[in-house]
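For reference, the structure discussed in these notes is given below.
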Amino acid sequence: MSDLFEVPECDKCRNPAVHHQVYSGRIMCAHHLSDSIRKKVSKALREQLHLPKGKHTTILVAISGGKDSAVLLERIHDNLSRRRDVTIVGGCVDEGIAGYRPPSLECARQLCEKLGIRFETVSYPELGFKEMDEVAQKILDTNDKKAPCSYCGVFRRQGINHLAERVGADVIALGHNLDDMAQTIMMNMQNGDVERTLRLAPHTNTPLEGMAPRIVPLRWIPEQEIHLYALHKKLPVHHEECPHGEGALRFRHRETIAMMEADVPGTRHGLLRMADDMKKLQQMAGSSLSKIKPVSCAKCGQMCSGTICKACEMKEVMR
């Protein structure tokens, strides 16, 4: 009976394990899991972040107070804070969600303070958008078929772009993990949207003129491992889910990807490798596979694929 409660040992040091990495077969203690994540992020930064010699680089790390962006900021700080030619800035978009954003904003601020990093924030009203609580209520009142996340995702991207311009960022770092990437790819497949898959970050080799390229150093690390790392490092993290997220398409894909991964470990990695291979094929074919060329929005000047950007379109709907 006692065997039922026996804690497995790490396959490297025989200390108590905290994680079974099913896709690799590894059984890991907190120290060796953290070491694995450290190596993966360091490798991703070497591949994705090009620091030109003799030029100063400002990196805006998009943070939310959640585990992913907290780990992202901590890892970027550990890798790059000693370099004189790099400035790291933490930037948070305040969507205006009562009971959810204020505590997460405080976690983001605390982490920046702990690491000695400049902290910047911008609210939706500052950008000319309604706060998300008001948007969500209007969606209910008007029986709008769009989920709140449809509006919030577009507005938040504008907020990140605004912060990047404010601090003069050369690069924007996003905290998308392996699960996020797999979900996005699956959503694009469902919609037959090859173009969106080709535009997925990182943009290291496909920068757009007038827009700071995005990097995603956590893209090969599963969400569960990031959560365990954040707990191990005792990072200030807000754990609540957004109250307006229920019913969003991404949440349904989250469940689908989780079931697929449980049935066939390595599914998430396979989806991301497929997307990377598609991007390589695009680069080999030149520009023939890319149909949409970015232009400046006629209303706000932000980069978009049509005459008016999505944010300005949605702002009109929410008037």
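For this structure, a couple of remarks:
- In this structure, Tyr124 does not satisfy being of a type in the set (Phe, Trp, Tyr) and either without any contact (Cβ under 8 Å) to a residue 24 or more places away in the chain or within 29 Å of Arg268 (Cβ to Cβ) (or both).
Per-residue answers, yes or no, for (1) touching a strand residue (DSSP E or B) at 6+ places or on another chain (Cβ under 8 Å); (2) in a strand (DSSP E or B):
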| site | (1), (2) |
| --- | --- |
| Lys130 | no, no |
| Gln137 | no, no |
| Ile160 | yes, no |
| Ile172 | yes, yes |
| Pro207 | no, no |
| Gln224 | yes, no |
| Pro236 | no, no |
| His239 | no, no |
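- A Cβ distance below 8 Å, combined with a sequence gap of six or more or placement on separate chains, defines the contacts here; from the stretch 272-285, residues that are part of a helix (DSSP H, G or I) reach residues that are surrounded by 15 or more Cβ atoms within 10 Å (Cβ to Cβ) and among the charged types (D, E, K, R) in the pairs Leu272/Arg219.
- Counting the residues of the stretch 190-223 that are of a type in the set (S, T, N, Q), surrounded by 15 or more Cβ atoms within 10 Å (Cβ to Cβ) and either farther than 12 Å from Gln48 by Cβ or under 12 Å from the mean Cα position of the chain (by Cα) (or both) gives 1.
- Any hit, the stretch 168-189, residues being farther than 27 Å from Gln282 by Cα and surrounded by fewer than 18 Cβ atoms within 10 Å (Cβ to Cβ): yes
- The listed residue being modelled with pLDDT of 95 or more and within 23 Å of Thr206 (Cα to Cα), out of Ile59, Ile37, Ile27: Ile59
The values are calculated or read from the model by the stated rules, or taken from the named source; none is laboratory data. Just so it is clear, the structure is predicted and the values come from calculations on it, not from any experiment. Every residue, glycine among them, receives a Cβ derived from its backbone with ideal geometry; neighbour counts consider all protein chains shown.
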